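Every number here is computed from the coordinates shown, using simple stated rules; none is lab data. Small disclaimer: the values here were computed from a predicted structure and weren't measured. Because the Cβ atoms are built from the backbone with ideal geometry, glycine has one as well, and the counts that use them run over all protein chains shown.
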Amino acid sequence: MSPQSVAAAFPPVDQHYLLQARQMQALSFSVHIPLVAFGISFPAMVLFVEWLGHRRGDELYLTLARRWSKVMITLFAVGVITGTVLSFEMGLLWPNFTGTFGSVFGVAFAIEGFSFFLEAIFIGIYAYGWRRMSPRAHMLSAVPIVITGVTGSLVVISVDAWMNHPTGFTLRNGKVTNVHPWSALLGNSYLWNELIHMYIAGYIVCGFIVAGCYAFGRLRGRWGRYERTALTIPLTIAALASPVQMLVGDWVARDVANTQPVKLAAIEGLYRTTRGADEHLLGWYTGNHMEHAIVVPHLLSLLTDHSWNGKVVGLDSVPANQRPPVNVVHWAFQIMVGVGTFLALLAVIYIAVRVRRKRLPDSVWFYRALVLAAPLSVAALIAGWVVTEVGRQPWVVYGVMRTDAAVTGAHGIVVGYGALAASYLVVACGLVWVLRRLARSPLELRTDAGSHAAAGTELEAA
Amino acid sequence: MLQALPLIFILAGLALYAVLGGADFGAGFWQLATARRTEGRRVREFAHHAMGPVWEANHVWLIFVLVIFWTCYPKAFGSIMSTLAVPLFIALLGIIFRGAAYALREGAATHEESGRIDAIFAVSSILVPFALGTAVGGIAGGRVPVGNAAGHEWSSWLNGTSIVIGALAVATSAHLAAVYLAADAAHDRETELERSFRLRGLGSGVIAGALAIAGVFVLNGDDHSLFHSLLSGRALPAVIVSAVVGLAALVLVFERRYELARYAASLAVAAIIAGWALARWPTILPNLTVDQAAAGHDILVSVVVVVVAGAVILLPSLVLLFRLTLTGRFRARELTVVETTTVTRPALRAGLLARVAVACLIAGAGLLNLADAQWAHVIGVTCLISFVGIAFCAIVVPALDEQASSR
């Protein structure tokens, strides 16, 4: 794994602001990924609620589904923008990466483009088709949204899996040849654990955020049948997915240990290749060891190798300039696992009360914890991606192309970074404002005939 | 031929984006242009509602163009994106604010609020086509050399050709939108609105035509080789088609035949894009031919397969959306009939489901977390996902029943 193992499309450039370029990419990604979580899971929830409404002939579910679908569309519209930002940045920030490898992973984005397109088309039909189409046709129009939400993210995750575990091409004298895009993307063993980990995360994040909103409402005294229903459905999904995510996470970690041992070493702050390695919780990595950490003897070997004295590869297996920044990766991992454990705990409490006592928990502390769980689940999601992407550094394509060889030679990265950050701040404030407005518009459980002619008028009346 | 096929997809995507996305940008333009007039508010409301359902769909064309470009001509893509980083980034900021304003408008309660949001929307609707037009001008004028940011970061897009193409993009968008909105107003029998949009359509069409003619002179002084190849040989028919059809579009607007006018104007835009490609053929950038820039054979075949397969699914869906939108179905009154046929449901065996779910959980954990074989992991993951699904039914159905009965 020599640093110059690939001959890039363009000669290397001298870019002083590589770190800022990476941060700009990370910012764009962190803004986009919670929207992806909603894109994966929310359409299915909305469709489920609408189906309940038609099946049970209960207006309450239809009202809920319709209000949720407005949120879904708003978030999709924002997701189109943040997704466009990401596809621009592939070229604006990393022209040498797309210039060299664009053809290897590009097919995935072509499929993603079509998925996105179909999703946009049917989300338009679904949004404007409420009560203008038969229930069956309207629900059918949501099915492509559910499917494309899955396929679109599947192929994008396949690109990330490929960047972490590049396959499907040969390097001959530094030239990328013999490219097999399908086996590179879909035949990649790394795809499946990333995919499943992310999908479950999608349900957890979306579930806890939606439930968190209604938990907040309960603390403010809004607690009718409508709110209880709106809390029960997403919370049940998230509560069931959270414990499963811990099991899946263990599987993912073992795969990382096998294919990207240096990343695992950074996660654990393990400098020397060790037999019977200890697990370090919290702590700070300085001078090639962990300080102030809680040590659990042999646990790391047990987890990664299922044996008491299993060998775990350390950071010293590669030269210093091929190691990721340890503390960023280590702490991102601690946050992800810590939050994940908290969410699983909350989930167990909910399921136990629900199953044993056949009701929702009563304690005000449970609902306070639920409100807290909403932002924490997003933090865990982003932290998880920090582990994957920062843990891959200094490579953009693991072991093949370094990030500093991929960056643009253009000036003004800092200006772009600042402008993008400022814009996102403005848009975030706007989004909070509009979601609050949507939440505040009065419920119309007993709609009188033809009171609203067009989507949006009921909001203007508010 | 295979090497050029994706380029045709890209140019077609670009033309569709210019026509469909352009109409959206133009609607934003008219929101600004009518902001201070008494009728302005009505115009703005109308423009906002008319573009509603198709809004997201039109803007995915841009993503399509980018993606096919970097997959099939990675080296050219890297060169263009790095040299033209500034105008493309400006366009990106415009896209962010435009989309945000569109999404935020749902929350506007008063006319002042929606007016302010519309102003942001309108300014960015002008900025985006202008910036993208200057970038196209940079590529067309041969100012993007092969390399990582190898061209000049300012003069590559701040030059006569770029600015004329940027302005032309704005004028064309305004024209397309005005014709589109005039047709909609005619369909809704809003004579007042129709008249004002018809006038706007004529005005913006004349301006677009004047800009196109001015562009020819600017090009002559700026990039004589492109000027020469546009007006000679294989590109000439495309230029003539564009001019004739553009003129016909104006006549059709005058005659109130908006549907045909829209197609004519779209054809004029497509023809000028085709003319540009023909004039530059066989190069994609200076000293880089299409054949040299193209990715390997397998990749091009994969992309063509994906695009064709995608189109088979996409086009009927798109036709459905446009038909529902253009026939005014989405502006119709809502039906008030609520189905109240309560289906008698068989009693759910929640207890049995719960036991199956727990069995799935245990089996899944064992196979995924203790076993090492790949097949075990596959079954394990399936078990765990089944656990979530089955347990969801076991918990949610009785919970909802209980909530419904205690209303």
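Quick notes on this structure:
- Note on the protein assembly as shown: with charges restricted to the Cβ of Lys and Arg (+1) and Asp and Glu (-1), its dipole about the Cα centre is near 1740 debye.
- Extreme residue, positive dipole direction of the protein assembly as shown, given options A:ASN288, A:VAL205, A:VAL46 (C-beta unit charges): A:VAL46
- As a calculated quantity, the FRET efficiency between A:ASN321 and B:HIS297 at R0 = 35 Å, using C-beta atoms, amounts to about 0.40.
- The relative contact order of chain A, computed from alpha carbon pairs under 8 Å that lie at least 6 residues apart in sequence, is 20 percent.
- For segment B:350-405, the mean projected area of the C-alpha convex hull, equal to one quarter of the hull surface, is 3.5 nm².
- Contact order for segment B:113-221, expressed relative to its length and based on alpha carbon pairs under 8 Å spaced 6+ residues apart, stands at 26 percent.
- Here the relative contact order of segment B:350-405, from alpha carbon pairs under 8 Å that lie six or more residues apart, stands at 44 percent.
- A Förster distance of 25 Å, applied to the separation of the beta-carbon atoms of B:ILE240 and B:ALA4, puts the FRET efficiency at 0.65.
- Pair B:ILE379, B:ALA311: separation of 7 Å Cα→Cβ label points (nm): 4.6
- Fully extended contour minus Cα-Cα distance, from A:ARG136 to A:THR273, at 0.36 nm per residue: 43.3 nm
- Across chain A, Cα-Cα pairs farther apart than 29 Å form 53% of the total.
- The per residue volume of the convex hull around the alpha-carbon atoms of the protein assembly as shown is 159 Å³.
- Of the residues B:THR191, B:THR161, B:THR172, the one that moves most in a GNM of chain B with alpha-carbon contacts below 10 Å is B:THR191.
- Taking other Cβ atoms within 10 Å as a rough exposure proxy, B:CYS360, A:CYS429, B:CYS72 sort from fewest to most as A:CYS429, B:CYS360, B:CYS72.
- The modelled label-to-label distance for the pair B:ARG257/A:VAL355, using points 7 Å beyond Cα in the direction of Cβ, is 7.2 nm.
- Residue order, fewest to most surrounding Cβ atoms within 10 angstrom, among B:VAL179, B:VAL170: B:VAL170, B:VAL179
- Calculated FRET value between A:ALA379 and A:LEU299, using beta carbons and R₀ = 25 Å, to 0.05: 0.55
- Kirkwood-Stokes translational diffusion coefficient of chain B, alpha-carbon pairs, 20 °C, 1.002 mPa s, µm²/s: 87
- Kirkwood Rh (inverse of mean 1/r, distinct Cα pairs), segment A:285-376, angstrom: 16.8
- Counting other Cβ atoms within 10 Å as a rough exposure proxy, the listed residues A:ARG392, A:ARG132, A:ARG222 run A:ARG222, A:ARG132, A:ARG392 from fewest neighbours to most.
- Helical runs (DSSP H, four residues minimum) scored at -39500 (n - 2.57) apiece and divided by the length of the protein assembly as shown put the mean residue ellipticity at 222 nm at -25000 deg cm²/dmol.
- Using the Cβ of B:THR289 as centre and a radius below 13 Å, the other residues enclosed give a net charge of +1, where K and R count +1 and D and E count -1.
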